[in-house]
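Here the structure comes first, spelled out in structure tokens, and everything after it is commentary.
FYI, it's all coordinate maths here, none of it is from the lab. From a predicted model like this one, the values you see are computed outputs, not experimental measurements. Virtual Cβ from ideal backbone geometry, glycine too; neighbours counted across all protein chains shown.
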Amino acid sequence: MTIRDKAYIVGAYEHPTRKAPDKSVAQLHAESAKGALEDAGLKLSDIDGYFCAGDAPGLGMISMADYMGLTNLRHVDSTETGGCSYLIHVSHAAQAIAAGKCDIALITLAGRPRSAGASGLQPRNWGSDIPDVPFEAPFGPVTVNSYAMVAARHMYEYGTTAEQLAWIKVAASHHAQHNPHAMLRDVVTVEDVLNSPYVATPLHRLDCCVVSDGGGALIVARPEIAKQLKRPLVKLRGAGESVKGQLGGNVDLTYSGARKSGADAFAEAKVTHQDIKYASIYDSFTITVLMQLEDLGFCKKGEGGKFVADGNLISGVGKLPFNTDGGGLCNNHPANRGGITKVIEAVRQLRGEAHPAVQVKNCDIALAHGTGGLLGSRHGSATLILERE
Amino acid sequence: MSTMFQANPLPAPVIEPGTEPYFDGAREGKLMIKYCKSCSKPHFYPRTLCPFCFGDTEWKQAKGTGTIYSFSFMPKATPNPYCIAYVTLDEGVTMMTQIADCDLATVKIGQKVSVVFKPTTAEGAPVPMFKPI
């Protein structure tokens, strides 16, 4: 079975808040869901499938389904792969729709790490019975130094430079200047990135994404329903997912799970890299983008530094416009998880609803990719290829 | 701020069932790793079933020497800066650790290192860090 052409993204909504000390996480989920339903032209009672991940308070989706009043559910899925969960949810929603298990699926993400003071500098406590914890927790692994070790190895293996990584942030900032909701709207230069202090070598402060409150939601529906709605048609053409860890101690930081998820998505979509007009690439850190671009096949392994340099990711300037909302690096990284915003901006581009200054002309095929967990130890990867019909 | 290694208070490692010999060895200054009794391969972190073939596994003492595979130094960490690293042991497996007992600003990938056990809080078992040879 393929999910190609079996489901459409009919609703997409990014919560405008970036700081919400006066709102609960559950409220942010619900407001995001409401926004996506209004975008689609659907109502609460239409939803019969619900997807959420570890950012949703409570046990799986049970608490959120109850809070939001989702009483018509016949398919639920709380697949948790960190920041890429929501891309996997789109794929799983399409599978469920193709199998007849639901017709209209809601996916939500929300969180308020900014108000709660949570960032990538603190150890994450996922429980002491996780098998790696006794052997790793004493050494201070946090989000940023995990990704930083990937960057250090990439520089060692391939001669990638801090200047090349900085270009990723520069490109994101060029896009963020046009997004009134973006947390960081100032255009920055390579020098600005290099002059910002090291957080975890070789990553500087400006190599890191923002910490923001917020949320987002998507609605995925079967073709017959999508075609009755009044929104531009955005179809799922292909998807891939994978998980990669330390390989039993044969640690290899030179590639990510994107190698597999990307290949599967391209094969299912039956498109080539030249067909991709726009790419949303998870940008928790600059190195995350570089690794994914290589592993997805947009350039050869080791040549990501050259590929991202000199504005090649800037819309209207370079060959592969990326993260035209400003991405996690400048715009938004709600719940310290950016996956859903990657899909939302891809949908905007395919609909022609991105900001005019960054809208890609004739954007008919787009890719969205997410990385979840820790790139330097164990992570999930998910790739979607979407088409405007 | 000095970039010389300064000890941070380290949380005592959680001892889960099946990991006791690792930490008992650490108290004796021995770095213990696991090998598969079926396919003979070493692996890390230690498991009771081999992650390559699901065979039963046994503990053996590692030499305690290796090479830095990657690292990241956090100059503004509190209370003291630290340098997380992956070290590839001479036995072939790579483990997460910290680099110790040197100027952390001079650490390089490819550097040869040897194990040094560092105490943890609350009389926990010591944990293996590595210092340049």
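Using R0 = 25 Å, the C-beta based FRET efficiency linking B:S2 and A:I130 works out to 0.15. Distance between the modelled labels on A:Q27 and A:N195, one decimal in nanometres: 4.1 nm (7 Å Cα→Cβ projection).
Pairs exceeding a 22 Å alpha-carbon distance, out of A:K244/A:K301; B:K37/B:K63; A:K6/A:K300; A:K19/A:K319; A:K300/B:K108: A:K6/A:K300; A:K19/A:K319; A:K300/B:K108. Other residues whose C-beta falls under 9 angstrom from the C-beta of A:G248 contribute a net charge of +2, scoring Lys and Arg +1 and Asp and Glu -1. Charge dipole (Cα centre; +1 on Lys/Arg Cβ, -1 on Asp/Glu Cβ; no other charges) of the protein assembly as shown amounts to roughly 520 debye. Peptide A:247-256 has a mean of 6 when you count, residue by residue, the C-beta atoms of other protein chains within 10 Å of its C-beta. Summarising the strand pairing of the protein assembly as shown, around 85 percent of its internal DSSP beta bridges are antiparallel. Per residue of chain A, the DSSP helices (runs of n ≥ 4 H) give a summed -39500 (n - 2.57) that works out to -9500 deg cm²/dmol at 222 nm. The spacing between region B:1-32 and region A:222-238, judged by their C-alpha centroids, is 55 Å. Along the axis of the charge dipole computed for chain A (Cβ charges of +1 for Lys and Arg, -1 for Asp and Glu, origin at the Cα centre), the listed residues A:A171, A:N336, A:A93 are led at the positive end by A:A93. For chain A, the longest principal axis of the alpha carbon atoms and the long axis of helix A:85-98 meet at an angle near 30°. Each Lys or Arg adds one and each Asp or Glu takes one away; over the other residues whose Cβ falls under 13 Å from the Cβ of B:Y35, this sums to +2.
Inter-chain neighbour count for B:94-107: the average number of beta-carbon atoms from partner chains within 10 Å of each residue's beta-carbon is 3. Of A:G257, A:M291, A:I9, which is farthest on the positive side of the dipole of chain A, counting Cα position, with +1 on Lys and Arg Cβ, -1 on Asp and Glu Cβ, and the Cα centre as origin? The residue sitting farthest along the positive end of the dipole is A:I9. Within region A:212-265, the trypsin sites (Lys or Arg not before Pro) that combine a DSSP coil assignment with at most 11 other C-beta atoms in a 10 angstrom radius are A:K230. Placing pseudo-labels 7 Å out from each Cα toward the beta carbon at B:S114 and A:Y255 gives an inter-label distance of 3.7 nm.
Using only Cα atoms, find the angle between the long axis of helix A:258-269 and the longest principal axis of chain A, and express it within 0 to 90 degrees, rounded to the nearest 10. Rounded to the nearest ten degrees, it is 40.
For A:Y67, A:Y13, what's the fewest-to-most ordering of other Cβ within 10 Å of each Cβ? Lowest count first: A:Y67, A:Y13. Would you give the gap between the C-alpha center of region A:87-141 and the C-alpha center of region A:260-294, rounded to a whole Å? The two parts, judged by their Cα centres, are 21 Å apart.
Counting Lys +1, Arg +1, Asp -1, Glu -1, what net charge surrounds A:Q292 among other residues with beta carbon under 10 Å of its beta carbon? Residues near A:Q292 contribute -2 overall. Bridges between two residues of chain B, per DSSP, are antiparallel at a rate of about 95%. Less than 5 angstrom separates the built amide H of B:V116 from those of B:M129, B:F130, B:K131, all sequence-distant by 5 or more or on a different chain. The ranking of A:I104, A:I276 by Cβ neighbour count inside 10 Å, starting from the fewest, reads A:I276, A:I104. Note on region A:2-104: Cα-only Rg and Dmax are 13.5, 44 Å.
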